[in-house]
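The values are calculated or read from the model by the stated rules, or taken from the named source; none is laboratory data. Predicted model, so just to flag it, every value in this text is computed and none were measured. No Cβ is skipped: glycine too gets one built from the backbone with ideal geometry, and neighbour counts run over all protein chains shown. Ligands, DNA and RNA are stripped out before the accessible areas are found, and what is left, the full protein with its side chains, is counted by its heavy atoms. Shrake-Rupley method; radii C 1.70, N 1.55, O 1.52, S 1.80 Å.
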Amino acid sequence: DDITFNNTDTNFLLQGSFLANDDLTVTAGTLDTDADGAGAGTTIYNLTVKGNASFAATGFNARTGLLALFNDGADEIKILTTGGNTFHHLTINHTAATTNTARVSGALDVNGTFTLTDGTLDLDTNNVTVNAAGDVSIASGAAITKDVQGAVWTFDGTTQSYTDSNATKQNLGVVTIG
């Protein structure tokens with residue numbers, strides 16, 4: 001079943017790693033990966049979503065947690081609506097390889113590790129700008145469709161690596177460093 005968090009001025013605190021088997025939506029309030037909400041970082045949990053993930057502005061506080069988008073169906077498009085939120089670690093794993101797509105809506109800002117394991121990351125449809133401050137890894141067989149309208153992929157970390165394990169490397173389009 002779909003899961004919706006909708007209560008203004010409420011911090012929804014994860015109390016363990018959380019799996020949403022269908023869509024996850026935060027329309028009001030903040031879903032926080034820190035169990036006590038204090039930001040001390042002593043108990044940070046990961047969030048896995050098998051459906052669409054949609055976050056309102058300030059609707060997600062990743063802290064140092066992982067958001068994993070996982071799709072094991074065939075020929076599906078799953079949408080990540082960022083709401084302008086920053087993600088710490090982001091993994092996209094669509095096991096039916098390039099027949100499954102993760103389509104991003106809104107600027108994508110990942111401050112930790114960004115891993116594309118399987119499937120296609122669609123940055124083209126919604127003219128998505130990407131900021132990556134941590135390591136970026138694209139596994140063999142994974143693909144990125146870039147924006148042809150001029151959106152930029154910015155590597156803004158102090159020390160980071162970029163790995164593309166495909167024989168034909170992905171074209172990220174316009175790239176800036178810094």
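The table below lists the values:
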quantity: Residue match in region 56-77 (condition: on the phi > 0 side of the Ramachandran plot, in contact with a Ser or Thr (Cβ under 7 Å, 6 or more places away or on another chain) and acidic (Asp, Glu)); calculated: yes
quantity: Sole residue being part of a loop (DSSP other than H, G, I, E, B), open to solvent by 50 Å² or more (accessible area, probe 1.4 Å) and not small (Gly, Ala, Ser), chosen from THR176, THR168; calculated: THR168
quantity: Where a residue in region 1-23 is touching a residue at least 12 places away in the same chain (Cβ under 8 Å) and β-branched (Val, Ile, Thr) and its partner, wherever it lies, is open to solvent by less than 60 Å² (accessible area, probe 1.4 Å) and part of a strand (DSSP E or B), with Cβ under 6 Å and at least six apart; calculated: ILE3/ALA20; ILE3/LEU24; THR4/THR25; THR8/ALA28; THR10/GLY29
quantity: Boolean, GLY59 is more than 19 Å from THR163 (Cα to Cα) and more than 14 Å from the chain's Cα centre (by Cα); calculated: no
quantity: Options THR4, THR30; residue that is surrounded by fewer than 18 Cβ atoms within 10 Å (Cβ to Cβ) and either among the polar types (S, T, N, Q) or part of a strand (DSSP E or B) (or both); calculated: THR4
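Residue by residue, here is whether (1) of a type in the set (Val, Ile, Thr); (2) touching a strand residue (DSSP E or B) at 6+ places or on another chain (Cβ under 6 Å) holds:
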{"position": "PHE87", "(1), (2)": "no, yes"}
{"position": "THR91", "(1), (2)": "yes, yes"}
{"position": "VAL110", "(1), (2)": "yes, yes"}
{"position": "GLY119", "(1), (2)": "no, yes"}
{"position": "ASN126", "(1), (2)": "no, yes"}
{"position": "VAL136", "(1), (2)": "yes, yes"}
{"position": "LYS169", "(1), (2)": "no, no"}
